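In what follows, a structure is listed as structure tokens, so that the remarks can point back to it.
The values are calculated or read from the model by the stated rules, or taken from the named source; none is laboratory data. What you see is a predicted model; the values in this text were computed from it and never measured. Cβ sites come from the backbone with ideal geometry, for glycine too, and all protein chains shown count toward neighbours.
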Amino acid sequence: MKKDTFGDSITNKVYEFRVLKRMSQSELAEAVGVSKQTIFVMEKNNYSPSLILAYRIANFFEVDIKEIFTYVGKDESND
């Protein structure tokens, strides 16, 4: 089954939270145990993190996971 069959996705505010904390992509990547490239593509909404990584990021910023990550259903997208 193709990835986009359902038409849903996860959007995020990783960039906003990172910039407010005045961190580089590399610093955030190291703090949550991934590569800088992973943070880069996640901030561009070209990558949806695993649930574990999403929780690591939310815990790092000390916010609820829903403050950073949002599920967008097929009918909610702007396509």
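Every condition in (1) among the charged types (D, E, K, R); (2) modelled with pLDDT of 95 or more; (3) over 17 Å from residue 25 (Cβ atoms) holds for residue 75 except the one numbered (2). When the range 30-79 is limited to residues that are outside any loop (DSSP other than H, G, I, E, B) and of a type in the set (Ser, Thr, Tyr), the one that is surrounded by the fewest Cβ atoms within 10 Å (Cβ to Cβ) turns out to be 71. The residue that is nearest to residue 70 (Cα to Cα), counting only those in the range 10-26 that are without any contact (Cβ under 8 Å) to a residue 40 or more places away in the chain and surrounded by 14 or more Cβ atoms within 10 Å (Cβ to Cβ), is 15. Filtered by the rule that a residue be more than 16 Å from residue 19 (Cα to Cα) and free of Cβ contacts under 8 Å to residues at least 12 places away in the same chain, the range 39-48 gives 46, 47.
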